[in-house]
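Working notes, beginning with the structure itself.
The values are calculated or read from the model by the stated rules, or taken from the named source; none is laboratory data. If you're wondering where the values come from, they're calculated on a predicted model, not measured in any experiment. Cβ atoms come from the backbone with ideal geometry, glycine included; neighbour counts cover every protein chain shown.
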Amino acid sequence: GCYVGVFGEDWLETSVKDLQEIKRIHAFATGQFVLANRISYEFDFRGPSMTVLTACSSSLVALHQACQALYSGECSSAIIAGSNLSPSPTMTGTLSDNNVLSPGGICRTFDQDANGYQSMFPNPHG
């Protein structure tokens, strides 16, 4: 099986300057929904092939799905991949504007001083 966790919604936005000019093939060539299928096709993998989009948990959910498929016998081996690519400042700006990112740039998981998380992207507003 092939399982790919993906986060980053703005690849198409940055690859085309005029969103009205998007050609059908361009959307399929850059769409994150086909990542697992493209990998399976290129390497001639057989069995389940899925792209998981569950925001920050995508890679972990992909791993879980692969483990479930292995345990159930749906496949005998699995490849798990993760991708977090956000070349546009749009996502980071939106997260920052909505106070999702930590203003101090530090992630304090399970701490009483937790005030957001820190992505790997620079914060243009902080």
Condition broken by Asn123, with the remaining ones in (1) modelled with pLDDT under 80; (2) assigned to a strand (DSSP E or B) satisfied: (2)
Candidates Ala36, Ala62, Ala29 - the one that is modelled with pLDDT under 90 and in a helix (DSSP H, G or I): Ala29
Any chance Glu74 is in a helix (DSSP H, G or I), modelled with pLDDT of 90 or more and either farther than 15 Å from Tyr3 by Cβ or acidic (Asp, Glu) (or both): no
Odd one out for Phe7, checked against (1) at pLDDT 90 or above; (2) under 23 Å from Tyr117 (Cα atoms): (1)
Output for the stretch 86-98, where each listed residue is surrounded by 15 or more Cβ atoms within 10 Å (Cβ to Cβ) and within 28 Å of Cys2 (Cα to Cα): Ser86, Ser88, Met91
